[in-house]
1. From zero up to wherever the largest Cα-Cα distance of the chain sits, split into 10 Å bins and tell me the percent of pairs in each.
2. Quick check: residue separation of E236 and F16 times 0.36 nm, minus the Cα distance between them. What number comes out in nm?
3. Sort D168, D64 so the one with the fewest other Cβ atoms within 10 Å of its own Cβ comes first.
4. Helix-only mean residue ellipticity at 222 nm, the chain, DSSP H runs n ≥ 4 weighted -39,500 (n - 2.57), per residue, nearest 500. What is it?
5. Work out the charge dipole of the range 91-244 with +1 on the Cβ of Lys and Arg and -1 on the Cβ of Asp and Glu about the Cα centre, then indicate which of L174, L134, A197 is farthest towards its positive end.
6. Fewest Cβ neighbours within 10 Å first, please rank V225, V177, V70 accordingly.
7. Could you tell me the ratio Rg/Rh of the range 1-106? Both radii from Cα atoms, Rh via Kirkwood.
8. Given a Förster distance of 22 Å, report the FRET efficiency between R109 and E80 from their Cβ-Cβ distance, rounded to the nearest 0.05.
Amino acid sequence: MDKEEVIVAKKLYKSFDKNHILRGIDLVLHKGENLGVVGKSGIGKSVLIKCIVRLIEPDAGEIDVLGTNVLECNSNELNELRKKVGYLFQGGALYDSMSVRENLFFPIRRTQFRDKKLDTEELIERSLRSVGLLDAIDKMPSELSGGMKKRIALARTLILKPEIILYDEPTTGLDAVTSGEISELILKIREEYNTAAIIITHDMKCAKIATDSIKIMDEGIFKVVGTYDELSRNEEKEVRDYFI
């Protein structure tokens, strides 16, 4: 039986003035799948996932997320849908004036999220335990390393128990060891929370560890698709450049 489709995007277009970023791109994400999107800097990878949750409005196309037509949602419907879709920003986007505990409490307060099994404190502790940083609960962001900030940002994303997570360059700015740890953590999160994910990355080590399949983006569309092993054997120059 085919796996359930949790994101379907068809013929997405997006331009900024005369800069044509997305040129009719198609994407399908299945339940439980980790899909990698690879491409050069500035090619439009982040624009793509921002369009999926309408942080950016596409110029044309169709987007279905968890059975909902995203482009027809009003603001309330869109906010409800976004509770089910976690978004990990490149820099983590922690609030510098808030402690780790307060950063994790913020989405609970903003969305009035309630968990039938856990109270708020237990929910915060569970999320931090999932990323291995329960002991950082009372620290400030300024006291955290780059890798710790990524983990805390992921813990904050997990607070609302999303069905889908959109990772925007989860290993950017990290050393090789920490990048590997974050990539392994992405797999652990899928197992623990049963998530599907789109992972935007230029880090092929992350793609190798964390993804089931990879789409290479260029000129506003996906040019090549395959698993890491399939792409590593591909002799086309536009693919080989990622493995040098």
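Quick note: the coordinates plus some simple rules give every number you see, no bench work behind them. Everything numeric here is computed off the predicted structure, so don't read it as measured data. Glycine gets a Cβ as well: all are built from the backbone with ideal geometry, and neighbour counts include every protein chain shown.
1. Over the chain, the share of Cα pairs per 10 Å bin runs 7, 31, 36, 21, 5, 0 percent.
2. That pair, E236 and F16, stretches by 76.2 nm at full extension.
3. Result, fewest neighbours first: D64, D168.
4. Calculated mean residue ellipticity at 222 nm is -10000 deg cm²/dmol.
5. Of the listed residues, the answer is L134.
6. Details: V225 12, V177 9, V70 22.
Starting with the residue having the fewest Cβ neighbours, the order is V177, V225, V70.
7. Numbers: Rg = 15.4 Å, Rh = 15.4 Å.
In the range 1-106, Rg relative to Rh is 1.00.
8. Numbers: r = 16 Å, r/R0 = 0.75.
Working from the Cβ atoms, E equals 0.85.
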